[in-house]
1. May I ask you to rank B:Arg272, B:Arg238 by accessible area, largest first, using a 1.4 Å probe over the protein chains only?
2. Would you list which lysines come within 18 Å of A:Lys182, measuring only between C-alpha atoms, while excluding same-chain residues fewer than 8 positions from it?
3. Straight-line reach from B:Lys2: which aspartates and glutamates have a Cα under 18 Å away, not including same-chain ones fewer than 8 places off?
4. Spelling out what I want: for every residue of the stretch B:7-21, take phi, set θ = phi - 60°, compute 6.51 cos²θ - 1.76 cosθ + 1.60 (Karplus), and round to whole Hz; glycine and proline get x.
5. So what does the Cα-only Debye profile of the stretch A:113-157 read at q = 0.15, 0.18, 0.23, 0.32 Å⁻¹, as log10 I(q)/I(0), no solvent term?
6. Mind checking A:247-254 for the average number of partner chain beta-carbons within 10 Å of each residue's beta-carbon?
7. Give the long-range amide H neighbours of B:Ala4: residues separated by 5 or more places, or on another chain, with amide H under 5 Å away, using H modelled in the peptide plane at 1.01 Å from N.
8. Please enumerate, by chain and number, the lysines with C-alpha under 20 Å from the C-alpha of A:Lys8, excluding those fewer than 8 residues away in the same chain.
There are 2 protein chains.
Amino acid sequence: MKIASQSKCFGGEMTVFRHQSDSCEAEMSFSVYLPPQAQSGPVPLLWFLSGLTCNHENAMTKGGFQQHAARDGIALIFPDTSPRGEDVADDEAYDLGVGASFYVNATQEPWKRHFQMYDYIVKDLRAAVQAELPVTDRHGITGHSMGGHGALVIALRNPDLFQSVSVFAPIANPTQSDWGRKQLSAYLGEDESDWADYDASILLDERGWHSDILIDQGTSDQFIELLRPQALSAVIARRRQPAVMRLQARYDHSYFFVSSFAADHVAWHAARLNGAANGEHENMGA
Amino acid sequence: MKIASQSKCFGGEMTVFRHQSDSCEAEMSFSVYLPPQAQSGPVPLLWFLSGLTCNHENAMTKGGFQQHAARDGIALIFPDTSPRGEDVADDEAYDLGVGASFYVNATQEPWKRHFQMYDYIVKDLRAAVQAELPVTDRHGITGHSMGGHGALVIALRNPDLFQSVSVFAPIANPTQSDWGRKQLSAYLGEDESDWADYDASILLDERGWHSDILIDQGTSDQFIELLRPQALSAVIARRRQPAVMRLQARYDHSYFFVSSFAADHVAWHAARLNGAANGEHENMGA
């Protein structure tokens, strides 16, 4: 892990690292915020996965999470959204290829060599930060849009690795959406039975989640038809899955929406990561 | 004023406008945040002037001011840093021309036709927002770097228009710095006596300020030699000017620094804009 840049922020340190990913066979960038509390010992870690067109910088500069993480003594990690480099496959569309990995392990050409972002997050990057940064093994995960999809999928498939999960306007049901069918077909092939491991609504229906889930979704989100929050809410209700799903009046899909509720999400994770394994959730209905 | 985009943010509205500037003979963009309190009546307005290379978007997306403005019932305005357009003069350097106006009224070719940013802020934009947005005539002004220079200069020359002023890492003494001499020479000509009206340290020494001033400066600021905070602090001490000047340990020049202290600055202005004309300053020494 090489330091690319570092800035003091809310009493802690915001650092951009570069390192080699074995899974993606690429050099990757990621950003880490260590709160002031990390100077006196390891702290829990909250992962934030970003959405389409983003890299490791967007949420770091626009999400406003650091101040809340400094308050609650939580570290933050912002991975990139795909491998990058001259030999990495790409597509002219903004929603396929570089900047648009959907956090899957691709099995199809030309993607499969480098696009192993599920393994990158769960294996490579997790191992690197556990080994080299002052974080405990209590981890939460959140994300926005395609990154909300990634956060839900990675949490639901790895309940032993994550104690808490929340999402902002996630792609909730990609197997039934144009934000999903195109990409899952490209990365995983035409056999739709292979796609189910990357659909949060299907995964939650099959597996449930050991704790509760916080979901924020703006009612004026310009992409809401592609996100399909109704699929996720139906599963939550049918399974009696503990969750708080908030339809936020007149918020859109932007980081103005994300930053408006960043404080709530960091507090949600902090309560579960600093406290007992299955946090009781506070009153967040208002 | 045409609306270019609008997003709900912390319960209020973040809007990008475009309008015609008579002073700059150009169509200009600016951003306004109206807090929830503006729905029930006019609120005070805090101006934020951005630095070199920025436009109306940087502080809007990276400064983290909106949440604090929503808390305190203050509107925010983020002007662009220069005129833009095909016929607007420019220079290949990042610190002269487009994105680098220094908020002066240029008198020299090729700048003087469009680069009238001092008048744009004080006259055109102020008149437009006063006429069309729910803001009172109680205004504060702040800014970062070149925008801190602009905020100090505009406040000190217009004490009747601004009730409060604060700055983040301002260019404090441009007549004695390479961030200043080059630009003042280009925009105003070689007669240095014409430059004094755009040097905050000279202006404060000559005129003082009717209230107190909040200044934050990072000790690890990579541009601190160009900013010359020592000139401003010397004037403050010599004049016994009420002020709080904070040298913040290990902070650099980035928006990670600005956002870390945004809450303090908004609270500082709110206390002075919502309260009496000359606010008593709270304990901000820590």
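1. Numbers: B:Arg272 0, B:Arg238 140 Å².
Order by accessible area, largest first: B:Arg238, B:Arg272.
2. Cross-link targets: A:Lys112.
3. List returned: B:Glu13, B:Asp22, B:Glu25, B:Glu27, B:Glu57, B:Asp80, B:Asp124, B:Glu132.
4. Using θ = phi - 60°, the values come out as 9, 5, 7, 6, x, x, 10, 9, 10, 9, 10, 10, 7, 8, 9 Hz.
5. -0.42, -0.60, -0.91, -1.17
6. 3
7. B:Val16, B:Phe17, B:Arg18
8. By straight Cα distance, A:Lys8 reaches A:Lys62, B:Lys62.
The values are calculated or read from the model by the stated rules, or taken from the named source; none is laboratory data. Values in this document were obtained by computation on a predicted structure and should not be read as measured data. So basically every Cβ, Gly included, is an ideal-geometry build from the backbone, and we count neighbours across all protein chains shown. Ligands, DNA and RNA are excluded from the accessible area calculation, which covers all protein heavy atoms including side chains. Shrake-Rupley method; radii C 1.70, N 1.55, O 1.52, S 1.80 Å.
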